[in-house]
Amino acid sequence: MFMGEREAPATRVAALMEDPSLAGGILCMDLLALVENWRAIARANPAAETAAVVKADAYGLGMGPVAKALAKAGCRTFFVALPGEGAALKSLLPTARVFVLSGLPRGEAGFFQHHELMPVLNSAEEVEEWADFCRQNELRLPAAVHVDTGMNRLGLRPEEARRLAGRADLLRRFRLELLMSHLACADEPGHEMNMRQRGMFEEIRALFPDAPASLANSAASLAWPEWEYDLLRPGIALYGGNPFADRPNPMRAVVTLYGTILQVREVKRGETVGYGATWRAPRDSRIAILGLGYADGLFRSISGSAGGPAHVYIAGQFAPYVGRISMDLTAVDVSHIPPESLARGQRAEVMGPHVSVDELARWAGTIAYEILTSLGSRFTRLYTPTGE
Ligand SMILES: *Cc1c(COP(=O)(O)O)cnc(C)c1O
């Protein structure tokens, strides 16, 4: 059995797909589509710099290959969530500018300095601590300041930001590399919250006229080019997820997930399939058992007990999930597919060109972000290079 991570050109991927030694699921990442998605956002916002959000292992796709492909395409600035993610990224891309969104953990300023990471300072206390560290070390280190304009998650409250604007003593200690805020409802561009948050951000930004500014995630980068400010922070759109909740996906698909048929079996009318015997064959049926399950991030909630609308794509046809998804196994109904076009070892598309990540997310009762960041660790991962 082979598991692991490799780069392979598209032609080789096709050959690898036939390789029976690749048991289990195969996760293909199209790095050219990733780069094209990044470029599409950059092109739509020519006056600003386009960064990339690569937190949570690049939304589950693999931070190393993703960040390297984007850097090669010209991306210079990256956002991660945690200091450890930042350190890992800097070891791959020493010259990248890296912001750490979850902020400065108490007493960890030295770690940031050592790895040349920039904290996103999320509270007055974090600002004080960073300024203090800079004073003690006689260094004017860069950091971002996050102002909360309505999300109520992280960031200085507007009144705290106003107070900070009057604290010349603090502000001269460090370099304010970025003033940022984050939108709660950008995936619904018509939501009134967006205008409210933008108005608040404009007000605060006027108090820090020299600081570069950033407000836009993926959706905002595409919905309002005039909100680009100095830096864009797209995440999900790079990875092919639909940044919008209420309109078609403008991005290219990046991820394709294949399951492998372990066996095709006959099920007599009235027999049941899987744990809990939740699906009963309404007629004599043929079932394909795929070698992946919820341990691989295939949400158990995808399989409705009645064999709902969720499906995979095999031999040019859709095949609905039947019964419960198990840890390592999943059953689909292939009664309508000619048996001669099904074989042990054949791949079934679980997600990809025919089954979008957003569709899969809808069936699971979640969002593309959660599907991607839940992708399992035991897939064979194939990265199709950018070809550059
Ligand atoms: C995750 C994140 C982003 C990226 O959001 P997408 O919706 O994936 O584009 C941008 N900014 C902040 C602060 C984030 O936490």
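Kindly evaluate residue 230 against the criterion of being in contact (Cβ under 8 Å) with a residue 12 or more places away in the chain, touching a Ser or Thr at 6+ places or on another chain (Cβ under 9 Å), surrounded by fewer than 21 Cβ atoms within 10 Å (Cβ to Cβ) and not assigned by TED's automatic domain parsing to the domain that holds residue 328. Answer is yes for this residue. One residue alone among 103, 64, 107 is without any contact (Cβ under 8 Å) to a residue 40 or more places away in the chain and on the phi > 0 side of the Ramachandran plot, and that residue is 107.
Condition first: in contact with a Ser or Thr (Cβ under 8 Å, 6 or more places away or on another chain), open to solvent by less than 10 Å² (accessible area, probe 1.4 Å) and touching a residue at least 12 places away in the same chain (Cβ under 8 Å). Can you find one or more residues in segment 124-143 that meet it? No, segment 124-143 contains no residue that is in contact with a Ser or Thr (Cβ under 8 Å, 6 or more places away or on another chain), open to solvent by less than 10 Å² (accessible area, probe 1.4 Å) and touching a residue at least 12 places away in the same chain (Cβ under 8 Å). Take the conditions (1) of a type outside the set (S, T, N, Q); (2) part of a loop (DSSP other than H, G, I, E, B); (3) within 16 Å of the ligand (Cβ to nearest atom); residue 46 misses just one of them, which is (3).
Here is a yes/no grid of residues against (1) surrounded by 23 or more Cβ atoms within 10 Å (Cβ to Cβ); (2) β-branched (Val, Ile, Thr); (3) away from the ligand (no atom under 16 Å from the Cβ):
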site: 255; (1), (2), (3): yes, yes, no
site: 268; (1), (2), (3): no, no, yes
site: 272; (1), (2), (3): no, yes, yes
site: 281; (1), (2), (3): no, no, yes
site: 288; (1), (2), (3): yes, no, yes
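Taking segment 179-197 as the range and being more than 12 Å from the ligand (Cβ to nearest atom) and open to solvent by less than 40 Å² (accessible area, probe 1.4 Å) as the test, the residues that pass are 179, 189, 193, 194, 197. Filtered by the rule that a residue be open to solvent by 30 Å² or more (accessible area, probe 1.4 Å) and not basic (Lys, Arg), segment 233-253 gives 245, 246, 248, 249, 250, 253. So, residue 163, is that one open to solvent by 60 Å² or more (accessible area, probe 1.4 Å), assigned by TED's automatic domain parsing to the domain that holds residue 98 and closer than 29 Å to residue 111 by Cα or not? Criteria met by residue 163. From the list 39, 12, the one residue that fits, being without any contact (Cβ under 8 Å) to a residue 12 or more places away in the chain and surrounded by 13 or more Cβ atoms within 10 Å (Cβ to Cβ), is 12.
Here residue 143 meets each of (1) assigned to a helix (DSSP H, G or I); (2) among the small types (Gly, Ala, Ser); (3) within 29 Å of the chain's Cα centre (by Cα) with one exception, condition (1).
For every residue, the table says whether it meets (1) over 19 Å from residue 13 (Cα atoms); (2) acidic (Asp, Glu); (3) crowded, with 16+ Cβ neighbours inside 10 Å; (4) within 16 Å of the ligand (Cβ to nearest atom).
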{"residue": "297", "(1), (2), (3), (4)": "yes, no, yes, no"}
{"residue": "313", "(1), (2), (3), (4)": "no, no, yes, no"}
{"residue": "334", "(1), (2), (3), (4)": "yes, no, yes, no"}
{"residue": "337", "(1), (2), (3), (4)": "yes, no, yes, no"}
{"residue": "349", "(1), (2), (3), (4)": "no, yes, yes, no"}
{"residue": "382", "(1), (2), (3), (4)": "no, no, yes, no"}
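For segment 99-129, taking the residues that are hydrophobic (A, V, I, L, M, F, W, C) and assigned to a loop (DSSP other than H, G, I, E, B), the one that is farthest from residue 54 (Cα to Cα) is identified as 104.
Apart from one condition, residue 245 fits all of (1) in a loop (DSSP other than H, G, I, E, B); (2) among the aliphatic types (A, V, I, L, M); (3) within 16 Å of the ligand (Cβ to nearest atom); (4) more than 25 Å from the chain's Cα centre (by Cα); the exception is (4). Residues in segment 46-64 that are more than 16 Å from the chain's Cα centre (by Cα) and either modelled with pLDDT under 95 or open to solvent by 40 Å² or more (accessible area, probe 1.4 Å) (or both): 46, 47, 49. When 67, 88 are checked against the criterion of being more than 17 Å from the chain's Cα centre (by Cα) and not in a loop (DSSP other than H, G, I, E, B), a single residue qualifies: 88.
The values are calculated or read from the model by the stated rules, or taken from the named source; none is laboratory data. On a predicted model such as this, the values are computed, not experimentally measured, just so you know. Using ideal geometry, Cβ is built from the backbone for each residue, glycine included, and neighbour counts are taken over all protein chains shown. Ligands, DNA and RNA are excluded from the accessible area calculation, which covers all protein heavy atoms including side chains. Shrake-Rupley method; radii C 1.70, N 1.55, O 1.52, S 1.80 Å.
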